Amino acid sequence: MKILQALFFPPEQPGGVSSMIPYILERFQSPNWDMEMFSLPKRIRGKGTEPVSFDTFDWTQFEDSLIVQKYIQTYRDYIWWTKLRTQKNYDLIHAHHPIAALAMKQLFPDTPLIMTIHSSFERELILNGRIEENGPEHRFLTSLYRELEVKSDHIMTVSESFRAYLSTYLHHSDQVLVLPNGFDEKRFKPISHENGVPQLITVCRLVPAKGLDILLEACSKLKQRGLDYVLHIIGDGPIRKDLEQMAQKLGIYDETIFYGYMLHPEEFMPFSDIFVLPSRAEAFGSVFAEAALCWLALVGTDIGGISEQIEDGVNGLLVPEDDADALADALERLMMDSQFRYELARAAWTKAKGTYSLSRIVNELKRTYIRFRKTT
């Protein structure tokens, strides 16, 4: 079976699906499976000129928005690049971004299309202060879900909570298959270590949606309680300077290390003790599974895909969203009780290895591909 994995970001981009697909391809290399990747290079801008229309809504009612204009132009660019670089026939296309899915269906209308919706772009834009809820950009982006439902032969997503979110916009959300992200356990190598000072670590893009302002407030409270720690922040983004200034204002800059972008954070994580990320929205939260496979204790917010990965008090701790006091209490509990921290980390590793094993996810994908190749 010849399958195309259609991404938006190039596969070298770390994080989420972009880092997962190359490992999936490795597992599919056999005489019975022929799989390729496709994505839009960042250098491609303003090339496409084709008119754009959708079956389920008129996008031009939102065309005054610069964000919508940029989205539509990127869609045109994706079509232009696909025509230029992809002339082959496929038995099935698996898309991982709305632009990729809709462009591929336009160019390969007779090829079965599976679409995995990995996250909510509109929710992230709202939390990051880029768009207004129920504004034109929000309505445009959520209208795409119904378009995807009409154009795709099957829709998948990464968590039960996100399927519930999609139910507002889809007519048949009960038919959406939930398949979490998978991780190659060989990439993660837990390291036995004994840190005299607890090492806290977070890995994410530095945007408001990740709640790092709450993390810094919580760490300030830990310092006020006389607790020693080091906070490692791996990642970059538009609010890095704001976070650095906040750390200075809170008096915790000496305890906080900003590393910026790191290609393979999983090589660094095993030396820490606690992974913490107080996100305001996560469809799945891949980095929690990655931290679990590094044998770290987990602390996250009780939202979305995080709360599906973490059972509070069993394989990690959950705290309410935007609650710095609760986050500080959870971190202090783990910092002061190394045995409890170890038990949570062990339980998180066991669940991640079993539930999010790449081998299990690949087997599920194979069954899905065979089923939809036969029935379409």
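We did not get these values from a lab; they are worked out from the coordinates using the rules stated. The shown structure was predicted, so the numbers you read here are calculated from the model rather than taken from an experiment. For neighbour counting, all protein chains shown are included, and Cβ atoms are generated from backbone atoms with ideal geometry for every residue, glycine included.
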Karplus-derived HN-Hα couplings along region 260-269 (A = 6.51, B = -1.76, C = 1.60, θ = phi - 60°), whole Hz, x at Gly and Pro: x, 5, 9, 5, 10, x, 5, 7, 9, 4
For H154, distant residues with modelled amide H under 5 Å away: L113, M115
Size-normalised alpha-carbon gyration radius of region 246-376, reference 2.2 N^0.38 Å: 1.23
Estimated inter-spin distance, H193 and Q106, nm [label 7 Å along Cα→Cβ]: 4.8 nm
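Please state the shape class of region 167-256: rounded when a/c is under 1.5, otherwise prolate if a/b exceeds b/c and oblate if not, all from the C-alpha gyration tensor. Display every interim value, and only then the final one.
Numbers: a/c = 2.65, a/b = 1.55, b/c = 1.71.
Verdict is oblate for region 167-256.
Could you calculate the contour length gain from S359 to D325, that is, 0.36 nm times the residue separation minus the distance between their Cα atoms, to one decimal place in nm?
Values: separation 34, 0.36 × 34 = 12.24 nm, distance 3.94 nm.
Value of the extension gain: 8.3 nm.
Which of rounded, prolate or oblate describes region 106-220 when judged by the alpha-carbon gyration tensor and an a/c cut-off of 1.5?
On the way: a/c = 2.94, a/b = 1.54, b/c = 1.90.
The shape class here is oblate.
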Size of electric dipole in region 202-346: Cβ of Lys, Arg +1 and of Asp, Glu -1, about Cα centre, debye, nearest 20: 320 debye
Hydrodynamic radius of the chain per Kirkwood, over alpha carbon pairs, in Å: 21.8 Å
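Going by average Cβ neighbours within 10 Å, how do the peptides 153-159, 235-241 rank, with the highest at the top? List each step's numbers first, then the result.
On the way: 153-159: 21.9, 235-241: 16.1.
Highest-to-lowest ranking by the protection proxy: 153-159, 235-241.
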Dipole of the chain, positive direction: furthest Cα of Y145, A164, I214, with charges on the beta-carbon: Y145
Amide H partners (placed H, <5 Å) of T256, local residues excluded: L231
Under 5 Å, built H, 5+ apart or other chain: amide partners of F188: none
Degrees separating the helix 240-250 axis from the principal Cα axis of the chain, which is the longest one: 20 degrees
C-alpha long axis of helix 324-336 to longest principal axis of the chain, angle in °: 60 degrees
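Based on the Cβ-Cβ distance from M37 to K249, what FRET efficiency comes out when R0 is 45 Å, to the nearest 0.05? Don't skip to the answer; put the middle values down first.
On the way: r = 44 Å, r/R0 = 0.98.
Result of the calculation: an efficiency of 0.55.
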3J(HN,Hα) from dihedral phi, region 177-192, Karplus parametrisation 6.51/-1.76/1.60, rounded to Hz, x for glycine, proline: 8, 9, 9, x, 5, x, 9, 6, 4, 5, 6, 10, 10, x, 10, 5
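Rounded to the nearest 0.05, what FRET efficiency do T86 and D312 give with R0 = 56 Å and r taken as the Cβ-Cβ distance? Could you check?
Working: r = 46 Å, r/R0 = 0.82.
Efficiency computed from Cβ-Cβ geometry: 0.75.
Which of the three applies to region 300-376, rounded, prolate or oblate, going by the alpha-carbon gyration tensor with a ≥ b ≥ c and a/c under 1.5 meaning rounded?
Details: a/c = 6.00, a/b = 2.21, b/c = 2.72.
Oblate is the answer for region 300-376, as a/c is 1.5 or above yet b/c matches or exceeds a/b.
Given R₀ = 51 Å, FRET efficiency for Q61-F271 by Cβ-Cβ distance, to 0.05?
On the way: r = 52 Å, r/R0 = 1.02.
E between Q61 and F271, to the nearest 0.05, is 0.45.
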Potential lengthening between F340 and L177 on full extension [0.36 nm per residue; Cα-Cα distance subtracted]: 55.2 nm
Backbone HN-Hα couplings from phi across region 22-38 [Karplus 6.51/-1.76/1.60, Hz, Gly and Pro as x]: x, 6, 5, 4, 4, 6, 8, 6, 7, x, 8, 10, 10, 10, 10, 10, 9
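Two-decimal Rg/Rh of region 113-164 from alpha-carbon positions, Kirkwood Rh?
Values: Rg = 11.9 Å, Rh = 11.9 Å.
For region 113-164, the value is 1.00.
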Dipole of the chain [Lys/Arg +1, Asp/Glu -1 at C-beta], most positive-end residue of N134, I155, N89: N89
